[in-house]
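Please read the structure below before turning to the comments.
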Amino acid sequence: MMRISVVIPTFNRSRLLRRTVPALLSQKTEQWFSYEVLFVSNGSTDESGDILSAAQKENPNLRYFRIDPTGGPSAPRNHGIRQATGEVIILIDDDVLPEPDLVLEHARFHREFQDLHHAGLGEVYIPPDLQSDPMALF
């Protein structure tokens, strides 16, 4: 069975996590793969930790880590990669609201190209309600 890890660095994005977490935990699946979601907080001081801790208690497929602040997404992203159990890793940012088939489409891609080292890149769209307020992303 293929295992996929979705790694998301985050910093003080509790407002966005309220939407991102449920979207990631309700991804379409099929019997031939499973997935986990790893959020790594880069020293968040808002409600991000509370949101992610509560989600982790309710869903064993979500793992939450907090690291000391580093000033950028690279350290939390790398921490998540080191903690990941999947042979396929999907990297997204905390402001991405994934479509319900994000993980499924990546799984299909990697099942088709399993003998080669490939990377998949999908399109990213800003949700309409965030387009009207650019500061909503911060």
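The values are calculated or read from the model by the stated rules, or taken from the named source; none is laboratory data. Note that this is a predicted model, so its numbers are computed, not measured. All Cβ positions, even for glycine, are placed from backbone atoms using ideal geometry, and neighbour counts span all protein chains on display. To get the accessible areas, we keep the full protein, side chains included, count just its heavy atoms, and leave off ligands, DNA and RNA. Shrake-Rupley method; radii C 1.70, N 1.55, O 1.52, S 1.80 Å.
Per-structure values
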| read-out | value |
| --- | --- |
| Pairwise FRET efficiency - R111 versus I67, Cβ, R0 = 41 Å, nearest 0.05 | 0.80 |
| For the chain: accessible area per residue (Å², 1.4 Å) | 59 Å² |
| Computed label-point distance, nm, for sites R82 and S34 using a 7 Å Cα→Cβ extension | 2.5 nm |
| Accessible area of the chain belonging to carbon and sulfur atoms, whole % at 1.4 Å probe | 52 percent |
| Identified option (computed log10 I(q)/I(0) by the Debye sum over Cα atoms at q = 0.14, 0.19 Å⁻¹; candidates (i) -0.63, -1.15; (ii) -0.55, -1.05; (iii) -0.78, -1.06) | (i) |
| Dipole-positive endmost among Q27, S41, I90 within the chain (Cβ charges, Cα centre) | S41 |
| Leading residue at positive end of dipole, the chain (Cβ point charges), from P100, N78, S14 | N78 |
